[in-house]
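To start, the structure itself, in structure tokens.
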Amino acid sequence: MDTKAYAQWVIVLINNKGSEPLKLKSLNVITGKLYADGNKDVEVPASDYEGKVVAPGEKLQFNSCGLANTPEGTSGTFDLVDPIEDDKLIRHFYWNCPWGSHNNEWEVTGTNSKWVVESHSNGMEALGVVTVDAMNK
């Protein structure tokens, strides 16, 4: 098995630093796959994460990488929503860690004045671990 595409990866760690819950919705892997913690050979369906509520003080992690035997990296989108406000959008996220390129992308769009969201990555060639800190005002 050719696992070169596994070098294109991202771990998204959502950290609820607020006093109200938030929810992960619409996780969509465009290229690549989601994988189990610590094992890129075990694929995990997006449905395992859909609708997961992150309570105050808790964290949620998902992992994505390129597919074995294919010359592609990983890309996708997801939303964080406010379950108290009928799933009102907090922020929309997009990642792209392409095969054979160092032009990784991490984009955060949307606004919700009730929430503050910050994110940062430790990645160089891959996006690496991206921490998303969210806190209600």
Quiz item: Given H placed 1.01 Å from N in the peptide plane, which residues other than close sequence neighbours of residue 54 have an amide H under 5 Å from its amide H?
Solution: 22, 23, 24
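For residue 120 and residue 2 in one chain, what is 0.36 nm times their gap in residues minus the Cα-Cα distance, to one decimal in nm? All intermediate terms of the calculation are to be shown ahead of the outcome.
Values: separation 118, 0.36 × 118 = 42.48 nm, distance 3.01 nm.
So the extension gain works out to 39.5 nm.
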Quiz item: Which lysines, on any chain, are close to residue 17 with Cα under 19 Å apart, when same-chain ones fewer than 8 places away are left out?
Solution: 25, 52, 59, 88, 114, 137
Exercise. Treat each spin label as a single point 7 Å out from the Cα along the C-beta direction, and report the residue 105 to residue 52 distance in nm.
Key: 2.5
Self-check item: Largest-first principal axis extents, alpha carbons of the chain, Å
Solution: 46, 27, 21
Self-check item: Calculated from backbone phi, Karplus (6.51, -1.76, 1.60) coupling profile of the range 95-105 in Hz, x at Gly/Pro
Solution: 10, 8, 10, x, 5, x, 9, 9, 8, 6, 10
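For residue 39 and residue 77, what is the calculated FRET efficiency with R₀ set at 22 Å and r taken between the beta-carbons, to the nearest 0.05?
Values: r = 24 Å, r/R0 = 1.08.
In this case the efficiency is close to 0.40.
Among 22-30, 34-42, how do they line up from the highest to the lowest mean number of other beta-carbon atoms within 10 Å? Working shown, then result.
On the way: 22-30: 18.6, 34-42: 13.2.
Ranking the peptides 22-30, 34-42 by packing returns 22-30, 34-42.
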Self-check item: Beta bridges per DSSP with both ends in the range 4-136, % antiparallel, nearest 5
Solution: 85
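Read-outs: derived from the displayed coordinates by stated rules, not from any lab. Worth saying up front: this structure is predicted, and the values here are computed from it rather than measured. All Cβ positions, glycine included, derive from the backbone under ideal geometry; neighbour counts span all protein chains shown.
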